[in-house]
Amino acid sequence: NPNIIVIMNESFCDPAVLTDFETNQDYMPFIHSLLEGGDNVVSGYAYPSVCGGNTANSEFEFLTGLSMYFLPTGSIAYQQYIKSELPALPSQLSSIGYTSVAMHPYYPKGWNRDTVYDDLGFEEKYFKDDFRNPEILRTYISDWTTYQKIIERYEQKSSDEKLFMFDVTMQNHGSYVKRYSNFIPDVSILGGKGTYLKATEQYLSLIKRSDEAFKQLVDYFEKQSEPTIIMMFGDH
C-alpha cells in the first residue's frame, strides 16, 4: 500500500505533440527525461473530454471513473449531478485504510468543490487560505507551494498512515497575454511570429516552472524510505 500522490496540473500540456517549433531552451527537461525512459516510470497520453476550460469535468472523470460522454453537452458534473455521496477513488481508498486528502490553491466554492469533495469521500480539504505565505506567480499560487503542502502533510503523518493526496494546481491558469512584474517569461520561440506568440511564450515559461517544481517533488520522495506513487496529468 504505497502512498499515492495525484497532481492534476492546470492547463498542462506539451504543445510539441501538436506541431513542430524550436525554443531557446527545453521548457520541460525533467519531464522529457522521464518520457525518454526514466527508471520506474510509466507514461502515456491523456485525452481529456474538455479543452481550455471546465477543469472540474476532468476531475470528475478521474476521481469517479465515469465519463462525460454520457452527460449532456455543456454539463458540469460537480454542479449539476453530484448532490449526495458518490462512490469514487477517495472513498474507495479510505475504505482500505488510506487517508484521502484534497488540495486546490483557489477558492473552495469554485465548481462546488467544498461540498463535492465531501461527497466523493475526501477526509481532508485544503484551499487557498490554507497555504501560508504562498509563492505567487502572476496572480496564482505556484505549483511548488502546493507540493510543499504535500510534503508537509507527509511529514506530519504517523508511521503506519497511508496517504492518498489529490492536488489540483492553479499556477498555469489562463490567460497568458498580460504581463506581470513578478513573472518574467524566459522561454522564447525561435523564428516565431503571429498574434499569440507572446502568450505562447508566457505559457511555455510557466510550464518550465511546473517542470522544475515537479522535479523537486520527485527528488524529495526519492529520498524517502516509504514507497510512493506520483502521478501527474494535465486537465485540459
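Couple of notes before you dig in:
- Only Cα pairs under 8 Å and 6+ residues apart enter the sum, and on that basis the relative contact order of the chain stands at 38 percent.
- Note on region 177-227: with neighbouring protein chains present and a 1.4 Å probe, carbon and sulfur make up 55 percent of its accessible heavy-atom surface.
- Bridging of residue 83 to lysines at a Cα separation below 27 Å is possible for 109, 125, 128, once same-chain residues fewer than 8 apart are set aside.
- Rolling a 1.4 Å probe over the heavy atoms of the protein chains gives region 1-158 an accessible area of 54 Å² per residue.
- If the Kirkwood radius is taken over C-alpha pairs of region 137-211, then at 20 °C and 1.002 mPa s the Stokes-Einstein diffusion coefficient equals 149 µm²/s.
- A simple rule links phi to the HN-Hα coupling: the Karplus curve 6.51 cos²θ - 1.76 cosθ + 1.60 with θ = phi - 60°, which for region 201-208 gives 5, 5, 4, 4, 5, 5, 4, 4 Hz, with x for Gly and Pro.
- Normalised radius of gyration (Cα atoms, divided by 2.2 N^0.38 Å) for region 7-102: 1.37.
- Each Cα pair under 8 Å and six or more residues apart adds its sequence gap; the mean of these over the residue count of region 140-205 is a relative contact order of 33 percent.
- Convex hull volume of the chain per residue (C-alpha atoms, cubic angstrom): 137
- Translational diffusion coefficient (Stokes-Einstein; Kirkwood radius from C-alpha pairs) of region 70-140 at 20 °C, 1.002 mPa s, in µm²/s: 157
- Under 20 Å of direct C-alpha separation, and excluding same-chain neighbours fewer than eight residues apart, residue 178 reaches these lysines: 193, 198, 208.
- Computed from the Cα positions only, the extents of region 172-220 along the three principal axes stand at 40, 23, 16 Å, in decreasing order.
- Karplus-derived HN-Hα couplings along region 170-178 (A = 6.51, B = -1.76, C = 1.60, θ = phi - 60°), whole Hz, x at Gly and Pro: 10, 3, 9, 4, x, 8, 10, 8, 5
- Inter-part distance where region 110-144 and region 24-79 are each reduced to a Cα centre, Å: 19
- Each eigenvalue of the Cα gyration tensor of region 28-77, multiplied by 5 and square-rooted, gives one semi-axis; in descending order these are 29, 12, 8 Å.
- Computed [θ] at 222 nm, deg cm²/dmol, the chain (DSSP H ≥ 4; -39,500 (n - 2.57); rounded to nearest 500): -9500 deg cm²/dmol
- The slack between residue 114 and residue 42, meaning 0.36 nm per residue of separation minus the straight C-alpha distance, is 22.7 nm.
- Simple spin-label estimate for residue 226 and residue 20 in nanometres, 7 Å along Cα-Cβ: 4.8
- The length gained by stretching the chain between residue 85 and residue 139 to full extension, at 0.36 nm per residue less their Cα-Cα distance, is 16.1 nm.
- For region 1-71, chymotrypsin sites (Phe, Trp or Tyr not before Pro) are listed when DSSP marks them as loop and at most 13 other Cβ atoms sit within 10 Å of their Cβ; the list is 21, 45.
- Counting every pair of alpha carbons in region 105-236, the share spaced more than 26 Å apart comes to 31 percent.
- Percent carbon-and-sulfur accessible area, region 1-157, ignoring ligands, DNA and RNA, probe 1.4 Å: 50
The values are calculated or read from the model by the stated rules, or taken from the named source; none is laboratory data. Please read all numbers here as calculations on a predicted model, not as lab measurements. Cβ sites come from the backbone with ideal geometry, for glycine too, and all protein chains shown count toward neighbours. When the accessible area is computed, the model is the full protein with side chains, heavy atoms only, and any ligands, DNA or RNA have been set aside. Shrake-Rupley method; radii C 1.70, N 1.55, O 1.52, S 1.80 Å.
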